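Derivation of every value follows stated rules applied to the coordinates shown; laboratory data play no part. Quick caveat: nothing in here was measured; it's all calculated off a predicted structure. We place every Cβ from the backbone using ideal geometry, glycine too, and count neighbours over all the protein chains shown.
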């Protein structure tokens, strides 16, 4: 049975996230600069607390090292996305983070379940088609449009590998739900950047993102 461990990292994210949402809601940039890095530091601390080798993440398993690197790249992306000028750099950092998670999910001893992989591929392809028809016409810069297409492909790959490795993962629900929450949170980032500014993008997207990262950090318990 999978258990959710509430460690100090989870508590830090749990305190910083509401303060980040309030800062975003009232457009207090100082609050965003303080509480967003703190919320991200929380899931990194949680990963270290869950890691069997403690803070020495580099002594962990290949899976543990890969997940921690993916989380760290996400935390870097969080900071890069705070200023508007950092969007492309932040996108690149998250792209590398997703790729690292894709790799991590292939490291389970049981390998990939092809039936689950095919099902996830079909589901993400339909979702990508719907999102692409809505989103891509709104992106006028051809370089950014290509970057978003690559990004959509990679985040779909993350969900596919998280699904396909479900039977062999030590904490499969943490892994799959965490990956799905991370995936969905990206849609709200895209909506905010390219479609329409709305506070709901933060109120829904940020809890999805931080909840997903906390769950992925929890998979290091194995």
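Observations, loosely collected:
- Residue 25-residue 82 pseudo-label distance in nm [points 7 Å out on the Cα-to-Cβ vector]: 2.1
- In the chain, helices alone account for a calculated mean residue ellipticity at 222 nm of -25000 deg cm²/dmol, with every DSSP H run of four or more residues adding -39,500 (n - 2.57).
- Packing-based ranking, highest mean first, of 29-38, 70-79, 128-137 given that Cβ atoms within 10 Å are counted: 70-79, 29-38, 128-137
- Computed E for residue 125/residue 146 - FRET, C-beta separation, R0 22 angstrom, nearest 0.05: 0.75
- Most to least packed among 170-178, 17-25 [average Cβ atoms within 10 Å]: 170-178, 17-25
- Alpha-carbon centroids, the range 16-52 and the range 164-221: separation in whole Å: 15
- Computed from the Cβ-Cβ distance with R0 of 25 Å, the FRET efficiency linking residue 170 to residue 15 stands at 0.30.
- Spin-label model, residue 200 to residue 56: label points 7 Å out along the Cα-to-beta-carbon direction sit 5.0 nm apart.
- In plain terms, the chain from residue 34 to residue 153 could stretch by 39.6 nm, reckoned as 0.36 nm per residue minus the Cα-Cα distance.
- Above 31 Å, the calculated P(r) of the chain contains 18 percent of its Cα-Cα pairs.
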